[in-house]
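Reading through the structure tokens given below for one structure.
The values are calculated or read from the model by the stated rules, or taken from the named source; none is laboratory data. This structure is a prediction, so every number in the text was calculated from the model and none was measured. Heads up, the Cβs are rebuilt from the backbone with ideal geometry, glycines too, and the neighbour counts pull from every protein chain shown.
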Amino acid sequence: MRRSTTPVIAILLVLAMLLAACGSATPAAPTEAPAADTGSETAAEPTTAPAATSDGPFKVAFVLPSPVTDLAWGQAMYDALKTVQTQMGGESAMEIAYSDNMFQVADAAAAIRDYATEGYNLVIAHGTQYGNSMFDVARDFPETSFAWGTATDTGESAGLNNVFAYEADAQEGGYVNGVIAALLSQSDVLGVVGPVEAGDAKLYIDGFVNGAKATKPDINVGVSYTGSFGDTALAAEAASTHISAGADVLTGSAQQVVGAIGVAKDKDVYWLGTQSDQSSLAPEVVVATQVFDWVDVVNDMIALHNAGTYGGKAYTLTLANDGLKMVFNPEVQIPDDVMAAAQQAMQDIKDGKIDPLPAQ
């Protein structure tokens, strides 16, 4: 499936309206946690938008396994691309095309090669399963920039110099969400709906468990993995199982969580999210979300490409460099002591006083 941004605007608006309808009321704008003074460290430099190429708009292609409106992994990057496009001056300065729902690696590989053949400046393979295929294409297009995540391998050992890599220290926001969950829970039972036990999903879940246990050492945190990133029915089933076991606060990762959040809404159970703001799905129960902000990363890759550096750099989102942001839903009244504890955990992680993944 091949799309550009222009033909899908109407569809995206309709989808946004449908997603908003899942809640009982239209939520106010999400509130980002006040930033602590952590210096000038950023996710990437420069933070200002780069210029378009002299030959026309800078062309970015985006290949991903889920919809761009998944309220999770895919949407976080798509939102960043749209923000950068606006910063650069709109579609005349930056062209975006995407192929979503690329569950089959062979289909994704064909899309990646097609975009490179068509002269796209930056091709983003938004899934680690695409890595080998992307490396093969990158060898044939040395002046095209490629990027993939979550990963740190820029292909240097394979002789490539046109590959960027990116990842998120998702355990950081996971830890903060674990603190919040433990303090909100009345039953001292939490439920986690994981997808595949790998990548940023596992980092997030491990951080969540550590944050909850650091807050209440005797709390019961049930973790289940569905084995799928996108099976919403399995996620809903897992959420129901956790609630039946006494969980009164849930969390989870990947695009599958749409199903789990629906169950949390129906059962009036708090939800804590990650990757993309999920409050629109259930504004009355989604307390907070760790949001992946790829804007500075995308800006930096474009600026480097325009300067003649086509790859060779790896990026990591953290709370300290503002690549990870804790967004609190104003529709949910968070007790002052819970908010204070969350803010303190954020600051301690930034200052290096808390390691969300301590050595075992």
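The requirement of being at pLDDT below 95 and surrounded by 14 or more Cβ atoms within 10 Å (Cβ to Cβ) is satisfied by residue 23. Once the range 231-245 is narrowed to residues that are among the hydrophobic types (A, V, I, L, M, F, W, C) and surrounded by 15 or more Cβ atoms within 10 Å (Cβ to Cβ), the residue that is farthest from residue 68 (Cα to Cα) is 243.
The residues of the range 264-315 that are surrounded by 23 or more Cβ atoms within 10 Å (Cβ to Cβ), of a type in the set (Val, Ile, Thr), out of contact with any Lys or Arg (no Cβ under 7 Å at 6 or more places or on another chain) and not in a strand (DSSP E or B), listed by number, are 297, 298, 302.
Summed over the range 316-360, residues that are among the charged types (D, E, K, R) and surrounded by fewer than 18 Cβ atoms within 10 Å (Cβ to Cβ) total 6. What about residue 213, is it touching a residue at least 24 places away in the same chain (Cβ under 8 Å), assigned to a helix (DSSP H, G or I), touching a Gly at 6+ places or on another chain (Cβ under 9 Å) and basic (Lys, Arg)? So residue 213 passes the test. Taken across the range 244-255, residues that are of a type in the set (Ser, Thr, Tyr), assigned to a helix (DSSP H, G or I) and in the same structural domain as residue 201 (by TED's automatic domain parsing) do occur, with at least one present. Of all residues in the range 100-127, how many are surrounded by fewer than 21 Cβ atoms within 10 Å (Cβ to Cβ) and within 19 Å of residue 58 (Cα to Cα)? Residues in the range 100-127 being surrounded by fewer than 21 Cβ atoms within 10 Å (Cβ to Cβ) and within 19 Å of residue 58 (Cα to Cα): 5 in total. The test for being free of Cβ contacts under 8 Å to residues at least 12 places away in the same chain, in the same structural domain as residue 198 (by TED's automatic domain parsing) and either surrounded by fewer than 24 Cβ atoms within 10 Å (Cβ to Cβ) or not aliphatic (A, V, I, L, M) (or both) does not hold for residue 228. Do we have residue 238 as among the hydrophobic types (A, V, I, L, M, F, W, C), free of Cβ contacts under 8 Å to residues at least 60 places away in the same chain, outside the structural domain of residue 61 (by TED's automatic domain parsing) and touching a Phe, Trp or Tyr at 6+ places or on another chain (Cβ under 9 Å) here? The answer is yes for residue 238. Applying the condition of being in contact with a strand residue (DSSP E or B) (Cβ under 6 Å, 6 or more places away or on another chain) and among the charged types (D, E, K, R) to the range 194-211 and asking which residue is surrounded by the most Cβ atoms within 10 Å (Cβ to Cβ) yields 200.
Mind checking whether some residue in the range 171-184 is modelled with pLDDT of 95 or more and not in a helix (DSSP H, G or I)? No.
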